[in-house]
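Encoded as structure tokens, the structure appears first; notes follow it.
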Amino acid sequence: MFSRKINGDTLRMCLAIPQYGDELYRLIDRNRDHLGQWLPWLDETQSPADTKTFISAELMKFARGEALYTLLFVHERIGGTVAFKSIDSQTGTAVIGYWLAEEFTGLGIMSKSVTEIIQLGKEYYDLKTCRISCAVENIKSRAIPERLGFHEKETLANAECVNGRWLDHIVYELNL
């Protein structure tokens, strides 16, 4: 199974597999208030079985070279995810998505993790461009691409509906 150390023995990314579904679901469930203001998929995640089904679907995309969904392990506990939500091999473009449990925010974990997945994209997918889309109001999420040298490509009005409210998104882009 794919696993990659990011920060010595304290942080690593690992290919998500269904066997991690129970633990990942429990983390999501404990962080519903923290994540729920920005992520529309929480309502669809109501059981460990939902999480395992999602992971299985992501593994199929991975097998086709269309996505890479990884779990972030912080001191050997799942702390969040970082992923290529989509990979376009024709254009060499990938869309990055991420989230982190509240207890792990503010520690530099996500900046390191996004940097690492970009490196994976260059090494294994011959990526030329990475994109990240964040809700305009999600200052913490927007700080990641801004800190890592992405530039603002465009703003999308009403890009996503979360809990009945439409969120505008900023799309960031990094040419590799």
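The values are calculated or read from the model by the stated rules, or taken from the named source; none is laboratory data. Fair warning: this is a prediction, and the values are worked out from it, not measured in the lab. Backbone-built Cβ (ideal geometry, glycine too); neighbour counts: all protein chains shown. Only protein heavy atoms, including side chains, enter the accessible area calculation; ligands, DNA and RNA are left aside. Shrake-Rupley method; radii C 1.70, N 1.55, O 1.52, S 1.80 Å.
Observations, loosely collected:
- Where the chain is the region considered: accessible area per residue in Å², 1.4 Å probe: 51
- Computed extension length for residue 76-residue 89: 1.4 nm, one decimal, from 0.36 nm per residue of separation with the Cα-Cα distance subtracted.
- Heavy-atom SASA rank of 25, 125 (probe 1.4 Å, accessible area, largest first): 125, 25
- Of all DSSP beta bridges in the chain, antiparallel share, percent nearest 5: 90
- Fraction of C-alpha pairs exceeding 19 angstrom in the chain: 57 percent, rounded to a whole number.
- Sorted peptide list for 157-163, 136-142, criterion being average Cβ within 10 angstrom, highest first: 136-142, 157-163
- Shown for the chain: the carbon plus sulfur share of the solvent-accessible area, taken with all protein chains present and a 1.4 angstrom probe, equals 49%.
- Residues 34, 75, 169, 151, sorted by accessible area with the largest first, give 75, 151, 34, 169 [1.4 Å probe; ligands and nucleic acids excluded].
- Computed E for residue 10/residue 32 - FRET, C-beta separation, R0 22 angstrom, nearest 0.05: 0.25
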